[in-house]
Amino acid sequence: MRFSLWLLLSCGLSTCATAPLQTRLPAGPWKKAPPKAVVEISLTKKTIHACDNARLRECDWGAATFRITNCGSFPFYVSKTIGNVEWHGGFEDIVTGPFDTKGALHLGAAADYGPDYHPDVLKEIQESWILLKPGDSYGGILPLSTAPLSAGKYKVVGRRSPPHLSDELREQLASTLEFPVLMETVESKPVYLKVLK
């Protein structure tokens, strides 16, 4: 009896020890369908004042909380960046409404890594990106990128933009990572911002 138990345990340990040596990952549902995610946005203030060109430093840009939730059945990777900067992807807002001839002010975001910056994308994803498991959420607060110069009711949609990667790199990630990177654009339901004079 003891020998049978020892044999069973040693065979089980041997199987576990050799499993990581497999070079081909098992096929899963992520090989057939993209990850499922939902994006939510909520305004920190539902009412702000229109910007005045004469007092730009006093403009009220407004802000929003962005959140992405994995509503699927398997994990996927997303970058830790909140704003959509450089190649990482991230959150951004789309503001539409009664812009008149005055228009609006717009914020831009950029990152300057220098000419010697050549990221190891696979390594960065494996070491520092978030593996969002089913039911998990991730997000943060960002200023709105648009400040209207006129009063009215504006629609605000939150968007999670995917990383900007070449087709070759996407194929490499798909064949190397155990779980996928979210490569689809996901938009929220709209919320509404009231802008006063």
Just flag the GluC sites (Glu not before Pro) in region 88-189 sitting in loop per DSSP whose Cβ has no more than 15 other Cβ atoms within 10 Å.
Glu178, Glu184
Rounded to the nearest 0.05, FRET efficiency between Asp52 and Ile141 (Cβ-Cβ, R0 22 Å) equals 0.35
State the answer as a single residue: which of Trp129, Leu165, Thr146 lies farthest towards the positive end of the charge dipole of region 89-197, with beta carbon charges of +1 for Lys and Arg and -1 for Asp and Glu, about the Cα centre.
Thr146
Taking 0.36 nm per residue of separation and subtracting the Cα-Cα distance, what length does fully extending Leu122 through His164 add?
13.8 nm
Ordering Ile82, Ile68 from largest to smallest accessible area (1.4 angstrom probe), what's the sequence?
Ile82, Ile68
Let me know the shape class of region 48-197, please: from the alpha-carbon gyration tensor, a ≥ b ≥ c as square roots of the eigenvalues, rounded when a/c is under 1.5, otherwise prolate if a/b is greater than b/c, or oblate.
prolate
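The values are calculated or read from the model by the stated rules, or taken from the named source; none is laboratory data. Note that the structure is predicted; figures quoted are calculated from it, not measured. Quick reminder, even Gly has a Cβ in these numbers, built from the backbone with ideal geometry, and neighbours come from all protein chains shown. These accessible areas exclude ligands, DNA and RNA; they are computed on the full protein's heavy atoms, side chains included. Shrake-Rupley method; radii C 1.70, N 1.55, O 1.52, S 1.80 Å.
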